[in-house]
Amino acid sequence: MKVPSLPFCLLMDAVGMASYLFPGIGETFDVVWAPISGFIFMKSFGGMTGKIGGLIALVEEAAPFIDVIPTFTIGHFYAKYKNFKNY
């Protein structure tokens, strides 16, 4: 499984949250960014994590008021520690 770097994930989340900087046109940006975000997530993470996370990223960016969820960053830590066993 691929694990994109944390700076990359933070940057992608920042781009998604940038719509809050432009009242009025932010919604249009979200409509354009949502499928791009989902595609980037899918390609960056790969496998089932990328497919499910890409769908979540698409919905999260398209839905109003939940752009603040750092989907890429959560995905980074999930992928990084997915196989970590604490026993």
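The values are calculated or read from the model by the stated rules, or taken from the named source; none is laboratory data. Computed from a predicted structure; not experimentally measured. Cβ sites come from the backbone with ideal geometry, for glycine too, and all protein chains shown count toward neighbours.
Could you give me the residue pairs with C-beta distances under 9 Å whose first residue belongs to the range 24-36 and is within 15 Å of VAL59 (Cβ to Cβ), whose second residue is polar (S, T, N, Q) and modelled with pLDDT of 90 or more wherever it lies, and which are 6+ apart or on separate chains?
Correct list of pairs: empty, since none qualify.
State which residue is farthest from VAL3 (Cα to Cα) when the search covers only the range 55-84 and only residues that are buried (at least 22 other Cβ atoms within 10 Å of the Cβ) and of a type in the set (Gly, Ala, Ser).
ALA57
Keeping to the range 40-55, report how many residues are aliphatic (A, V, I, L, M) and closer than 16 Å to VAL15 by Cα.
Residues that pass the stated criteria total 1.
Just give me the residues in the range 62-79 being of a type outside the set (Gly, Ala, Ser) and at pLDDT below 90, in sequence order.
Answer for the range 62-79, where residues must be of a type outside the set (Gly, Ala, Ser) and at pLDDT below 90: PRO64, PHE65, ILE66, ASP67, VAL68.
Yes/no per residue for (1) over 14 Å from ALA79 (Cβ atoms); (2) among the acidic types (Asp, Glu); (3) part of a helix (DSSP H, G or I):
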position: LEU10; (1), (2), (3): yes, no, yes
position: SER19; (1), (2), (3): yes, no, yes
position: GLY24; (1), (2), (3): yes, no, no
position: GLY38; (1), (2), (3): yes, no, yes
position: GLY53; (1), (2), (3): no, no, yes
position: PRO64; (1), (2), (3): yes, no, no
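Take the residues in the range 18-54 that are at pLDDT below 90 and of a type in the set (D, E, K, R), then tell me which one is farthest from LEU6 (Cα to Cα).
Restricting to residues being at pLDDT below 90 and of a type in the set (D, E, K, R), the top hit is GLU27.
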